[in-house]
Amino acid sequence: MRTAVLMTVVMAAFLLAGGAVLAEERTLETVGTSTLSRQDAVQQAQRAAVEQGVGVFIQSETEVKNFQLKKDQIFSRTQGYITRFSVIKDEKVGQAYHVKIRATVSMDRIKDDLIAMQILLESLERPKLMVLVTEEYKNIDSLGMGVASAEMASLLLSRGFELVDQAQMKEINAQAETRQALAGDVNAAQSLGLHFDSQYVVVGKAVVQDAGEAYPGSGMRSIQASLQARIIQTQTGMVLGSAVKTGVAAHISPLTGGTLALKQAVEKMVDGYLVDTVAHSFQNFLNNGAPIKLHISGVASFRIYKQVAAHIETVERVVSSKKEGWNKVGGLLLLDLRFQGSSEELAEILDGRKIGNRSLEVVDLAPERVDCRLR
């Protein structure tokens, strides 16, 4: 995440899978005021309905710098999001028109709006994903096409995500850790993600099989595809969940039918699971901070240890600080932080920071860790 970026109003639009948080539609009462005309007041009320329907889910008071212009891109499409409305109060006071409306906002339309998706991803430091998917074909000659990986990468790119580039993927596919990750080793998947600067690793397996003749005497084959995938958040090593999606196609060519069925399963996986899960993960990091290990050397006494630990708790954007340990002999203090930002941003805040008559010097950092020396 960039320093100026915590979250945008559109984040919640991608959390519909939560059900209890968002319904397909929201009915709201809003007020519009205008000195131009009654119709302009109605439009302002409609805009307010859309803004409430989406913006009510902002989890932080801090928005992206100059995000107002980007919000306008969403709210300029007000008519496309409001499915129906009625005026419930209409009055003119002096030169101002005041209109109150009851409007129903389609959350599905917002979710499906690629403009909103692009704003989300552009407003965050684009999360980088690594896709590792194996394929198994039963009774079908596959020629090792790698359809699932290619299709998933294509869809994620079209949704605005950043992927580990192809040159790196060739190196990754040759790693022993990749085979371990595909076999279910979460630590191996996390290690790969950290090494190749990927915030999320998608590990999956696709199975495509010929289920027999689709229609008696037609010569068409019924091809079924099943795709299982899970997401590992590399900074924490946490498995964010897993899902299974399926696809089916009938075709005279089993290989073509398999490709079509597999593409169906991949599209369901991307739009019905991956996008929402990654968005929810960012939302969690926004609310609770990202976990970062802070190692501070040169903490030579218990008194200094208490002073430093207490000071770190006051650092801006540190949500929580848990003491993992301190060793007087080595002078090493270990803290487990929740920080609203990246390790590099934390390093920028800490480097040169005064604590009493001493100061911190950053000596090393990684996506999940910052090492400092107390001087």
> Under the condition of being at pLDDT 85 or above and surrounded by 14 or more Cβ atoms within 10 Å (Cβ to Cβ), which residue from segment 129-144 is farthest from the chain's Cα centre (by Cα)?
Replying inline: 137
> Among the listed residues 272, 298, 341, which satisfies the condition of being in contact with a Lys or Arg (Cβ under 7 Å, 6 or more places away or on another chain) and closer than 30 Å to residue 244 by Cα?
Replying inline: 272
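Could you check, for segment 255-266, whether at least one of its residues is closer than 30 Å to residue 339 by Cα, in contact with a Ser or Thr (Cβ under 6 Å, 6 or more places away or on another chain) and buried (at least 16 other Cβ atoms within 10 Å of the Cβ)?
no
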> What are the residues in segment 186-217 that are without any contact (Cβ under 8 Å) to a residue 60 or more places away in the chain and over 17 Å from residue 169 (Cα atoms), if any?
Replying inline: 186, 187, 211, 212, 213, 214, 215, 216, 217
>> Quick check on segment 244-277: of everything there that is in a strand (DSSP E or B) and more than 15 Å from residue 156 (Cβ to Cβ), which residue is nearest to the chain's Cα centre (by Cα)?
In response: 244
> Taking segment 279-318 as the region of interest, how many residues are at pLDDT below 90 and not in a helix (DSSP H, G or I)?
Replying inline: 6
> When segment 354-370 is examined, which residues are found to be modelled with pLDDT under 95 and either outside any strand (DSSP E or B) or of a type in the set (Asp, Glu) (or both)?
Replying inline: 356, 357, 364, 367, 368
> Just checking, which of 201, 239, 208, 147 is under 25 Å from residue 290 (Cβ atoms) and buried (at least 18 other Cβ atoms within 10 Å of the Cβ)?
Replying inline: 201
> Is there a residue in segment 309-318 that is in contact with a helix residue (DSSP H, G or I) (Cβ under 7 Å, 6 or more places away or on another chain), surrounded by fewer than 17 Cβ atoms within 10 Å (Cβ to Cβ), outside the structural domain of residue 202 (by TED's automatic domain parsing) and not polar (S, T, N, Q)?
Replying inline: yes
>> Residue under question is residue 150, and the condition is that it be among the hydrophobic types (A, V, I, L, M, F, W, C), at pLDDT 85 or above, out of contact with any helix residue (DSSP H, G or I) (no Cβ under 6 Å at 6 or more places or on another chain) and not in a loop (DSSP other than H, G, I, E, B); does it hold?
In response: yes
> Given the structure, is residue 373 in a strand (DSSP E or B), touching a residue at least 24 places away in the same chain (Cβ under 8 Å) and either under 30 Å from residue 243 (Cα atoms) or within 29 Å of the chain's Cα centre (by Cα) (or both)?
Replying inline: no
> Which members of segment 165-183 meet the condition of being surrounded by fewer than 16 Cβ atoms within 10 Å (Cβ to Cβ) and either farther than 21 Å from residue 205 by Cβ or not charged (D, E, K, R) (or both)?
Replying inline: 165, 166, 167, 168, 171, 173, 174, 175, 176, 183
> Only one residue in 241, 257 is in the same structural domain as residue 155 (by TED's automatic domain parsing) and on the phi > 0 side of the Ramachandran plot. Which one?
Replying inline: 241
> When you go through (1) in a helix (DSSP H, G or I); (2) modelled with pLDDT of 85 or more; (3) over 21 Å from the mean Cα position of the chain (by Cα) one by one for residue 170, which number turns out not to apply?
Replying inline: (2)
>> Out of 261, 265, 229, I need the residue that is in contact with a helix residue (DSSP H, G or I) (Cβ under 6 Å, 6 or more places away or on another chain) and either in contact (Cβ under 8 Å) with a residue 40 or more places away in the chain or small (Gly, Ala, Ser) (or both). Which one?
In response: 229
> Using beta carbons and a limit of 9 Å, which pairs, at least six apart or on different chains, have the first residue in segment 312-330 and closer than 17 Å to residue 373 by Cα and the second one polar (S, T, N, Q)?
Replying inline: 312/321; 315/321; 328/301; 330/297
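The values are calculated or read from the model by the stated rules, or taken from the named source; none is laboratory data. What you see is a predicted model; the values in this text were computed from it and never measured. Ideal geometry is used to build each Cβ from the backbone, glycine not excepted, and the neighbour counts take in all protein chains shown.
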